[in-house]
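Step one of this worksheet: look at the structure below.
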Amino acid sequence: MQRVDHETGLLTRDSFLEHLSALHQSVQQGNLSGFHIFAIDLEPLFNARSTLSPADIRWLLTSLSQRLADYFPETAVIGRTLAEITAVIPEHDPSRLGRFAEDLIHRLNEPYTTPDGRVFDLILKAYILEYPGSLGLDCDIADIARFHTSFIQIAKGEPSVQQIHVFTSQSKELIAQYYDIDQHLMNAVNKNEFFVVYQPRVNLVTGEMSGAEALLRWHSDDLGMVPPNVFIPRAESIGVIHQITPWVIKQVCRDMGKMKSSGPEFRVGINLSPSCISGGYVPDCLAQVTKAENIDPDRIELEITESQLVSRTDVVIAQLEHFRDVGSRTALDDFGTGYSTLATLTDIPLDIMKIDREFIRRLPGKERDVRFTKSINDMGKALGLTVIAEGIETAEQARCLVNDVGVHLGQGFYYGKPMPLDEFNRFEVPAH
Ligand code: C2E
Ligand code: MG
Ligand code: MG
């Protein structure tokens, strides 16, 4: 029996999956050459919840379902899955796919006018997968669903304005790699495969070390070294980051007890992922660990990135206030690469601003670049923040920062790369 979703008039998830399963079987038995699955992500609609009434949302959902039903051929099966509307078209001609998808998106994104004359704009995206295509005939139905879900998740994580995403053999490879990483990440904390390295932070005028940034490293027994920009997003995605972050905090505090450099200004920065902020457990963890390890919490700086301020600013502010209640400092990392509105900066309880290395890379360069970086520094100072330059690689950059930009603290390969604790303890800032 077909079950229908009462909001959209489309098939329910279970009913849709039964149809999909039957089509899959037909392909495997040679009765059908293949099919295409189209998922339309409903996130833009749900994101508008704070500004639209439930009745408006329902109306929009029904209208867009109607547009889909009108556009797809009769043979298509369309269902409402959790966060998407998904359609499967049997025997769809792959050579017509591009045109078909562009037309579809064009129609879906035309303004929606309610019966009482209000107009809504939605920017919807389509995620398309062909079976057998690059998946191969052997791929079972559970794997198809798994590939499609991961594909959507990965594509959504990319900063792209593209509205049509098509699953390719590269997507398949990437997802397979991610599965591999995910499997190994699950056990990495228990297997003791993580370690922390420290990059010196230097007073650019005196050449003295004024602190360090703690950076996580993963050496997997099976995969070897995996870079943080690969494993941290995966750890966030599968939730392991909530196991990793308390581990990092503990490890850093332990290491701080063994650090040789400990002048009055010496502080260590710890990076925090967005989900750790919304998780809300960091302040308690920090309070407990600093107490147990006998570390003054004021010697710890918690770094969040600018992009975290874009959404849920209220949650971030509340957490940063808790960090301060515990006695630690707060830093805005990679400043200049996110899209925080300048107005929010005045509301955020911050102590430090770290200028992203993208700006430092351009120095000394053109006068314009220097002036621009100087204005970032001036703004940070006007907000009462300590400004740190990231990614200093050359003597010229360091000189320009001190003389023309007015930044006096920095870190970068020019002074020292991130290194394990024992090396860090032997490290002396080279005389420049
Ligand atoms: P980040 O916090 O902005 O860290 C600075 C990154 O710049 C580090 O990359 C560092 O090795 C690199 N770097 C430092 N000086 C230079 C330089 O002169 N030139 C260049 N080209 N790069 C330089 P790394 O260690 O690969 O870390 C990448 C990112 O991973 C970090 O960016 C941070 O966002 C994240 N991360 C690292 N450890 C943790 C952690 O414990 N937790 C979380 N949530 N994220 C972490
Ligand atoms: Mg950082
Ligand atoms: Mg940074």
### Message
I'm trying to understand the selection: among the residues of the stretch 363-385, which are within 16 Å of ligand 3 (Cβ to nearest atom) and part of a loop (DSSP other than H, G, I, E, B)?
### Response
Leu385
### Task
Among the candidates Thr75, Thr86, single out the residue that is among the hydroxyl-bearing types (Ser, Thr, Tyr) and not in a strand (DSSP E or B).
Thr75
## Note on the structure
The residue from Ser261, Ser311 that alone is in contact with a strand residue (DSSP E or B) (Cβ under 6 Å, 6 or more places away or on another chain), hydroxyl-bearing (Ser, Thr, Tyr) and modelled with pLDDT under 90 is Ser261
#### Entry: Hits in the stretch 108-132 (condition: surrounded by fewer than 19 Cβ atoms within 10 Å (Cβ to Cβ) and not in a loop (DSSP other than H, G, I, E, B))
Tyr112, Thr113, Val119, Phe120, Glu130
### Task
Please indicate, with yes or no, whether at least one residue in the stretch 263-272 is more than 16 Å from ligand 2 (Cβ to nearest atom) and touching a Lys or Arg at 6+ places or on another chain (Cβ under 9 Å).
yes
## Note on the structure
Among the residues of the stretch 288-323, the number that are within 16 Å of ligand 3 (Cβ to nearest atom) and assigned to a helix (DSSP H, G or I) is 4
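Conditions (1) buried (at least 19 other Cβ atoms within 10 Å of the Cβ); (2) touching a strand residue (DSSP E or B) at 6+ places or on another chain (Cβ under 8 Å); (3) without any contact (Cβ under 8 Å) to a residue 60 or more places away in the chain, marked per residue:
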{"residue": "Arg146", "(1), (2), (3)": "no, no, yes"}
{"residue": "Thr149", "(1), (2), (3)": "no, no, yes"}
{"residue": "His165", "(1), (2), (3)": "yes, yes, yes"}
{"residue": "Phe195", "(1), (2), (3)": "no, yes, no"}
## Note on the structure
Output for Cβ contacts, cut-off 6 Å, separation at least six or different chains, first residue closer than 22 Å to Gln199 by Cα and of a type in the set (Ser, Thr, Tyr) in the stretch 271-285, second part of a helix (DSSP H, G or I) and within 12 Å of ligand 1 (Cβ to nearest atom), reads Ser273/Glu236; Ser273/Ile241
#### Entry: Tally, over the stretch 291-304, of residues that are touching a helix residue (DSSP H, G or I) at 6+ places or on another chain (Cβ under 6 Å) and either within 16 Å of ligand 2 (Cβ to nearest atom) or within 19 Å of Gly384 (Cβ to Cβ) (or both)
1
### Task
Count, please, the residues in the stretch 386-432 that happen to be touching a residue at least 60 places away in the same chain (Cβ under 8 Å), more than 9 Å from ligand 1 (Cβ to nearest atom), within 23 Å of Met353 (Cβ to Cβ) and in a loop (DSSP other than H, G, I, E, B).
3
### Single unsatisfied condition, Ser307 versus (1) under 18 Å from Phe424 (Cα atoms); (2) within 15 Å of ligand 2 (Cβ to nearest atom)
(1)
### Task
Of the conditions (1) hydrophobic (A, V, I, L, M, F, W, C); (2) within 13 Å of ligand 1 (Cβ to nearest atom); (3) modelled with pLDDT under 95, Ile238 clears all except one; give me its number.
(2)
### Query
Mind checking whether some residue in the stretch 38-56 is of a type in the set (Lys, Arg), over 20 Å from Phe167 (Cα atoms) and touching a residue at least 40 places away in the same chain (Cβ under 8 Å)?
no
### Query
How about the stretch 216-242: which of its residues are part of a loop (DSSP other than H, G, I, E, B) and of a type in the set (A, V, I, L, M, F, W, C)?
Leu223, Val240
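The values are calculated or read from the model by the stated rules, or taken from the named source; none is laboratory data. This structure is a prediction, so every number in the text was calculated from the model and none was measured. Because the Cβ atoms are built from the backbone with ideal geometry, glycine has one as well, and the counts that use them run over all protein chains shown.
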